[in-house]
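Read the structure below first, then the notes.
Please treat every number below as a calculation from the coordinates, not as lab data. As the structure is a computational prediction, the values presented were derived from the model and not from experiment. Using ideal geometry, Cβ is built from the backbone for each residue, glycine included, and neighbour counts are taken over all protein chains shown.
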Amino acid sequence: MITQADLETLLLTFKVASLATVFMLLLGTPLAWWLTITRSSWKGGVNALVALPLVLPPSVLGFYLLVLMGPAGPVGKFTIWLGVGTLPFTFAGLVVASVLYSLPFVVQPLQTAFAAIGQKPLEAAATLRASPLDTFFSVVLPLAKPGFLTATILGFAHTVGEFGVVLMVGGNIPDKTRVVSVQIYNHVEALEYREAHWLAGGLLLFSFAVLLILYTVVKPQAVTR
Amino acid sequence: MKAGAKTRICPIEMINPISARFQLDYGEFQLDVDLNLPGSGITVLFGHSGSGKTTLLRCIAGLQRAPHAYLEVNGNIWEDSRRKLFLPAYQRSLGYVFQEANLFPHLSVAGNLQYGLKRIAKSAASADLQHILELLGIEHLLERMPDKLSGGERQRVAIARALALNPEILLMDEPLASLDFKRKQEILPFISQLQRELNIPVLYVTHSRQEAGQLADQLVILSAGRVQACGPLPETLGRSDTQLAQDMDAASVWQVRVSGHEAEYYLTRVAFNGGVLVLPLLDAAIGTPLRVQILARDVSIVLKSPAATSILNVLPATVTGISEQTPGQSVIGLQVGDQPLLAHITRKSAALLGLWPGMAVYVQIKGTSILN
């Protein structure tokens, strides 16, 4: 059966994934829009950088994040200067790592959705006195709604499913950084197969349900990878 | 400015509220125009595809930026590349109707109509929307979403959306190109009527002779990014030296008035300054203004008035120009009373007749068609 400890990891996972999704949308929306409309020579580089987590072993990303956010790293020094201490092995650190790791799952559907809108509605808005910013909110966002739905679902689900980065950056601290995927690992290590089954099966069902929704309700418009 | 660039100023009117000069170079395509246009009526920008007419319209709208540009509308300078002045499209007082209606799919018809209205200054005099809706016959569509409209309805909503802002100029980019013949005929009269009632100058891009002949007060003929000819419709169409005059379906358009009927022969007489033309019987009151199109290939030239001919329309004319740009074909410019006329004849016929500018001849007109 699901134990109290298991429930706590579920709740924590949900909190991390929700917060990370919010930050990914806030960060990913302007980023995806910029990538859609820019003619800058930086475009390719930024695109590659955002997509890196798709191909990189999570341990590589986790390793560099540890180094960067640790007390000797530039980010770590900055957070110490801010007075919030270092991020590794904290809830906040886990969220930061999750955002970077799952960002392509938000940016790419948004980019696809933005590109699908094309130039024409933007030009129509311009001839109807809407400034570019106004156009973004009154035309681009409503027309990209399916893309946002896809991005939110994929970003959230992928964050729930991560393991390597979480283990490296977050560690395995009950109530602070121990998420479901890590808890399953703990159960298996302790040969508690029954408990592992409950969580693993739950995660499997959750992931399947999410993808089912994506492919039936939202339509496979912008599902990448 | 590029050296040696030949530009043409159009002497359409003494006062030209719209001055447009654009030069841009895309390698295989160059645009180089210098136009002064009147602040009223419908000006048709006519040309084959690739002639630069849409590019010119987009430059005027500010949707495209030319490196060398000057644009003035009613005393306001919208663009001046020498002073690095470029008003973005959304700050220009214009209406734009796209080739495909380009309505916002996420807004209802009413939402589309309101979109621009919400964004103009409250003080700015907005047009009488109700009146526009009535003119275009779309009042009953307000609640519908754009994907539930027919092509013709969509385009009428797009026209209303542009006009609702009471713009200083209305730009229309082949607004009927995506519609079938029946829908076109449904919208064309609206455009003339709108222009007359709202008195907003219209710049209308098309490659259709039918639309040009039916709508234009002024005609600008573009070819390879340059202005080939411009001026009032009949005079410009009647020039023998344009690309347009060489085409198979080249035609002249006459502005005439119904002067009488010969009911027993099913004929209608129409008059112009300098003569009378006989047409198939029309259901139109005496005095009704009409536009008649005469294909250049339906016009033949004789030196003396024929004593007997089955052709009813034989009129005295003066040769004004001869152009020989197509092998074997001569394009003859003529003047009949105050109406210019084009004739396509073979090069041999032109040589045998010994035509020269200023020569008095007779023209036989085999066929005519009514444009409106």
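Once the Cβ-Cβ distance of B:LYS148 and A:LEU133 is raised to the sixth power relative to R0 = 30 Å, the FRET efficiency obtained is 0.50. Rounded to the nearest 20, the Cβ-based charge dipole of the protein assembly as shown about its Cα centre (Lys and Arg +1, Asp and Glu -1) stands at 800 debye.
Using θ = phi - 60° in the Karplus curve 6.51 cos²θ - 1.76 cosθ + 1.60, the 3J(HN,Hα) couplings for region B:36-45 round to 10, 10, x, x, 8, x, 9, 9, 9, 8 Hz; x is entered for Gly and Pro. Against chain A, whose longest principal axis comes from its Cα atoms, helix A:145-161 is set at around 20 degrees.
Close amide H pairs (under 5 Å, H built 1.01 Å from N) link B:THR268 with B:GLU262, B:LEU279, B:LEU281, B:LEU282, residues at least 5 positions away or on another chain. Taking chymotrypsin sites (Phe, Trp or Tyr not before Pro) across region B:11-75, the ones in a DSSP loop with at most 11 further Cβ atoms lying within 10 angstrom of their Cβ are B:TYR26. Note that region A:100-114 has calculated 3J(HN,Hα) couplings of 5, 6, 9, 3, x, 6, 9, 5, 5, x, 5, 4, 4, 5, 4 Hz, one per residue in order, obtained from phi through the Karplus relation 6.51 cos²θ - 1.76 cosθ + 1.60 (θ = phi - 60°); glycine and proline are x.
Counted by neighbouring Cβ atoms within 10 Å, the residues A:THR159, B:THR326, A:THR9 run from fewest to most as B:THR326, A:THR9, A:THR159. Here, region B:19-118 yields an orientationally averaged convex hull projection of 8.1 nm² when only Cα atoms define the hull. Label zone (B:LEU312, point 7 Å along Cα-to-C-beta; backbone nitrogen cut-off 13 Å) within region B:345-372: B:365-369. Between A:LEU56 and A:PHE78, the simple label model (points 7 Å from Cα in the Cβ direction) yields a spacing of 1.5 nm. Each residue, A:ALA115 and A:ALA48, gets one label point 7 Å from its Cα in the Cβ direction; the gap between the two is 1.7 nm. Against chain B, whose longest principal axis comes from its Cα atoms, helix B:151-163 is set at around 70 degrees.
Simple rule: put +1 on each Lys or Arg Cβ and -1 on each Asp or Glu Cβ in region A:94-225, find the dipole, and look at A:VAL107, A:ALA97, A:GLY202; the Cα lying farthest toward the positive end is A:VAL107. Taking amide H atoms as placed 1.01 Å from N in the peptide plane, the amide H of B:LEU341 lies under 5 Å from those of B:LEU334, B:GLN335, B:VAL336, each 5 or more residues away in sequence or on another chain.
Farthest towards the positive end of the charge dipole of the protein assembly as shown, among the residues A:ASN186, B:LEU85, A:PHE148, is the Cα of B:LEU85, using unit charges on the Cβ of Lys, Arg, Asp and Glu. Between the residues B:PRO280, B:PRO234, B:GLN185, the greatest Cα displacement towards the positive end of the dipole of region B:185-328, with unit charges on the Cβ of Lys, Arg, Asp and Glu, is found for B:PRO234. Distant-in-sequence amide contacts of B:VAL97, defined by a placed amide H-H separation under 5 Å and a gap of 5 or more residues or a different chain, comprise B:LEU171, B:MET172, B:ASP173. Here the Karplus curve 6.51 cos²θ - 1.76 cosθ + 1.60, taken at θ = phi - 60°, turns the phi angles of region B:70-77 into couplings of 9, 9, 10, 10, 6, x, 9, 8 Hz, with x standing for Gly and Pro. In this simple spin-label approximation, A:SER40 and B:HIS106 carry label points 7 Å from Cα along the Cα→Cβ vector, and these lie 2.5 nm apart. Axis of helix A:193-213 versus longest Cα principal axis of chain A: the two differ by about 10°, to the nearest ten degrees.
Using the reciprocal of the averaged 1/r over all distinct C-alpha pairs, how large is the Kirkwood radius of chain B in Å? The Cα-based Kirkwood calculation yields 22.3 Å.
For the pair B:LEU129 and B:LEU85, a Förster radius of 35 Å applied to the C-beta separation gives a FRET efficiency near 0.60, rounded to the nearest 0.05.
Loop-resident chymotrypsin sites (Phe, Trp or Tyr not before Pro) (DSSP state other than H, G, I, E or B) in region B:248-287 with no more than 16 further Cβ atoms inside 10 Å of their Cβ: B:TYR266.
Pairs from the list A:LYS77/A:LYS145; A:LYS43/A:LYS120; A:LYS43/B:LYS84; B:LYS53/B:LYS304 with a Cα-Cα gap above 31 Å: A:LYS77/A:LYS145; B:LYS53/B:LYS304. The calculated P(r) of region B:18-237, using every Cα pair and 10 Å bins from 0, goes 8, 34, 37, 18, 2 in percent.
For chain B, DSSP calls about 80 percent of its internal beta bridges antiparallel.
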